[in-house]
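For reference, the structure is listed below as structure tokens.
Nothing in this text is a laboratory measurement; each read-out follows from the coordinates by a stated rule. This is a predicted model, so every value here is computed, not measured. Every residue, glycine as well, gets a Cβ built from its backbone with ideal geometry; the counts of neighbours run over all protein chains shown.
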């Protein structure tokens, strides 16, 4: 479950697509556009658990 407000500054979280760069186990970097919740105040990014799991799978792949 994601928080309603940012854990750091209590700012409002808004859902939008963000760019993330994932470094794979073989050293290759991959840039992806994924959905996330971003704090309007400080820019902290929160991923849904399923997105986080997908990013982990990519990171550990070769």
Self-check item: D_trans [Stokes-Einstein, Kirkwood Rh over alpha-carbon pairs] for the chain, 25 °C, 0.890 mPa s, µm² s⁻¹
Solution: 197
Practice problem: Between 27, 43, 11, find the one with the highest GNM mean-square fluctuation for the chain; connect C-alpha pairs within less than 10 Å. | Solution: 27
Quiz item: Over region 5-45, what is the mean sequence separation of C-alpha contacts under 8 Å (at least six apart), divided by residue count, expressed as relative contact order in percent?
Solution: 43
Self-check item: Packing-based exposure ordering (other Cβ within 10 Å, fewest first) of 46, 37, 60
Solution: 60, 46, 37
